[in-house]
Amino acid sequence: MLQATPVAALDAVTVSYGSTKALDNVDLTIERGEIIGVIGESGAGKSTLLGILDAVEHPTTGRVLIEGTDPKELSGRARRQLRRRIGMVFQGFNLLSNRTVRQNIALPLKLQRRSEPTLVTELLDYVGLSDHADRYPAQLSGGQKQRVAIARALVTRPGLLLCDEPTSALDTRTTADILDLLADTRRDFGTTIVLVTHELDAVGAICDRAAILEQGALKSILAVAPSARERPEDTSYLAHARRVLGA
Ligand SMILES: Nc1ncnc2c1ncn2[C@@H]1O[C@H](COP(=O)(O)OP(=O)(O)OP(=O)(O)O)[C@@H](O)[C@H]1O
C-alpha cells in the first residue's frame, strides 16, 4: 500500500539566532489527520517550530518538507500558495475589530480575490455563530472570538491547522468547548492539527501524540493514552475548583 505523504517532515532541523539554538537538531514527522501537541517551557522553541511549519521561517541547517516540498526551494508565489493550505489560530484571536464576524471569516477568501458567501455561511453555522454574523469582535466573549478565528482559519479548508496557545486566554469550560471544536474539525474536515500549548490537560483531551521540547531539542514524543481523554462527570466550575484545590 502507498504511504500518504506526511503533512510535514523535519530532518535534523536547527534554527540558530546567534549562539541561541531555537531548534536544535529536530527530527519530526507530522502524519496526515493527526492532532499533535507541542509542549515545553517558555523559550523551548514552540513558536519557532510553528514558524517552520507555516513556511515563514527556514532552518539554518537541516531540511523541511511541507506537503512533500521544501518551502525554501519554492518561488515567492508558490510558497504563498503552499501557505494558503495552512491555517493559523492564535491565543489573542487576531480578529479585525472594525469588521463584523462575517467579514472576519470572509477575509482569507477576500485576500485570494474569492467571493463565496455560502462558504462563509457554512462556517458561521459550523462554529455556532450564525446569530452573531453581524456583530463586531468587541461584542463577543473570548470563546466566541476564538470560534470566529477558527472559522476564519477553516474557510479556505486548509489541510494543516496550526494553533498557538488557542485556549490560554479562556476559562476552563470555554477551553473544553474550543478543544471539542478542534477535535470535530479533524473528524469533519480531516484537518491535521498542531496544538502548541502549555496546558497538559488540553493535550490529553484531544491530541494523539505530544512532542516535548526543551531548549530547542525534541526530548520525546509521547503517545497520549485514551484514559487522558476522560472528562470528569461534573464539569461545573465549582467541581473543577474542588478538583484542583483538592477541597
Ligand atoms: N527572532 C529571534 N531573534 C533572536 N532570538 C530568537 C528569535 N526568535 C526566537 N529566539 C530565541 O529562540 C528561543 C526559542 O524561542 P521561541 O519563541 O520559539 O520559544 P517558545 O517556546 O515559543 O516560547 P514562549 O512559550 O515564551 O512563546 C528563545 O531563546 C528565543 O529567545
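Taken over the C-alpha atoms, the range 89-220 has Rg and Dmax values of 15.0, 46 angstrom. Each of Y126, Y237, Y136 was scored by other Cβ atoms within 10 Å of its Cβ. Listed from fewest to most, they are Y237, Y136, Y126.
Label the chain by shape, choosing from rounded, prolate and oblate, from the square roots a ≥ b ≥ c of the eigenvalues of the Cα gyration tensor; if a/c is under 1.5 it is rounded, and otherwise prolate applies when a/b is larger than b/c, oblate when it is not. Note, shape of the chain comes out oblate. Here the contact order of the range 92-157, divided by its residue count and restricted to Cα pairs under 8 Å and six or more residues apart, works out to 49 percent.
In the chain, the DSSP-assigned H stretches of four residues or longer account for a calculated mean residue ellipticity at 222 nm of -10000 deg cm²/dmol, using -39500 (n - 2.57) per stretch and the full residue count as denominator. Which residue, chosen from I150, G92, A138, occupies the Cα position most advanced towards the positive end of the dipole of the range 92-157, where the dipole is computed from +1 (Lys, Arg) and -1 (Asp, Glu) charges on Cβ about the Cα centre? Value computed over the given set: G92. Its Cα centre serving as origin, the range 92-157 has a Cβ charge dipole (Lys and Arg +1, Asp and Glu -1) of approximately 280 debye. The rule of thumb for compact globular proteins, 2.2 N^0.38 Å, goes into the C-alpha radius of gyration of the range 1-145 1.24 times. On the basis of the beta-carbon distance and an R0 of 30 Å, Q81 and A4 show a calculated FRET efficiency of 0.90. When you restrict to C-alpha pairs under 8 Å that are six or more residues apart and normalise by the size of the chain, the relative contact order lands at 26 percent.
When the Kirkwood radius is taken over all Cα pairs of the range 92-157, what Stokes-Einstein diffusion coefficient follows at 4 °C and 1.567 mPa s, in µm²/s? Diffusion coefficient, whole number: 114 µm²/s. Please compare each pair in K21/K46; K21/K72; K145/K219; K21/K219; K46/K219 to a cut-off of 24 Å on the Cα-Cα distance and tell me which ones are over it. The pairs that break the limit, which is 24 Å between Cα atoms, are K145/K219. Only Lys, Arg, Asp and Glu carry charge here, each on its Cβ (+1 for the first two, -1 for the last two); on that basis the chain has a dipole of about 900 debye about its Cα centre.
Three principal axis extents of the range 159-214 based on alpha-carbon atoms, in descending order, are 29, 26, 16 Å.
Rounded to two decimals, the Cα radius of gyration of the range 150-247 over 2.2 N^0.38 Å is 1.16. More than 18 angstrom separation, counting every C-alpha pair in the range 1-54; what % is that? It works out to 36 percent of all Cα pairs.
Packing-based ranking of 214-227, 99-112 yields 99-112, 214-227, ordered from highest to lowest mean Cβ neighbour count within 10 Å.
Where a number appears in this text, it was derived from the coordinates with a stated rule and is not lab data. Note that the coordinates shown come from a computational prediction; the quantities given were computed from them, not determined experimentally. Ideal geometry is used to build each Cβ from the backbone, glycine not excepted, and the neighbour counts take in all protein chains shown.
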